[in-house]
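The values are calculated or read from the model by the stated rules, or taken from the named source; none is laboratory data. Quick caveat, the model's predicted, so the values are computed rather than measured. In this analysis, Cβ positions are derived from the backbone assuming ideal geometry, glycine residues included, and neighbour counts consider all displayed protein chains.
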C-alpha cells in the first residue's frame, strides 16, 4: 500500500480514533486524526488528505453533516462513514451526499483497506460493509 495515501480519521472518542489510525498505519496508510467535524474541516484546509474516514455519532457536527460540508468544499474527496448500527435512513442520506462507503463497526484492517481502495478507485455509491 502507498504510504502517500493520507486518511483523515474523525472520531470524538480518542480510543476509537487512535485504534482506527493504528489499523490504517498497519495497512500502509498515513493516518491523520481529528476529534470533531470542525477540527476535520480545519485540517482539510491545511493538509493534503486523500480519503476521510468519519464516525457518524459525534456531538455538534455528526458524520453526515461533516460529509455535507466536505462535499460542498471538496467535492472530489472520498468520505467513508463508520457507524455502530446499520440504518437505512443513514445509508440513504449517505448515498445522497456521495459517501464512498458506510462501514459497520467494529472495523478490521481488511475492511478499512477494502473501503479505502474502493473509494480511491472512484466507487460513488455507498454500501454497508460488515467485518
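Per the listing 48, 55, the residue uniquely crowded, with 20+ Cβ neighbours inside 10 Å and in contact (Cβ under 8 Å) with a residue 40 or more places away in the chain is 55.
Out of curiosity, is residue 22 without any contact (Cβ under 8 Å) to a residue 12 or more places away in the chain and either loosely packed, with under 13 Cβ neighbours inside 10 Å or at negative phi (or both)? Yes. Do we find that residue 60 is within 19 Å of residue 12 (Cβ to Cβ), touching a helix residue (DSSP H, G or I) at 6+ places or on another chain (Cβ under 9 Å) and exposed (fewer than 15 other Cβ atoms within 10 Å of the Cβ) in this structure? For residue 60, the condition - within 19 Å of residue 12 (Cβ to Cβ), touching a helix residue (DSSP H, G or I) at 6+ places or on another chain (Cβ under 9 Å) and exposed (fewer than 15 other Cβ atoms within 10 Å of the Cβ) - is met. Scanning the range 90-120 for residues that are in a helix (DSSP H, G or I) and farther than 18 Å from residue 68 by Cα returns 109, 110, 111, 112, 113, 114, 115, 116, 117, 118, 120. Checked against (1) out of contact with any helix residue (DSSP H, G or I) (no Cβ under 7 Å at 6 or more places or on another chain); (2) modelled with pLDDT under 95; (3) closer than 19 Å to residue 100 by Cα, residue 22 meets all criteria but (3).
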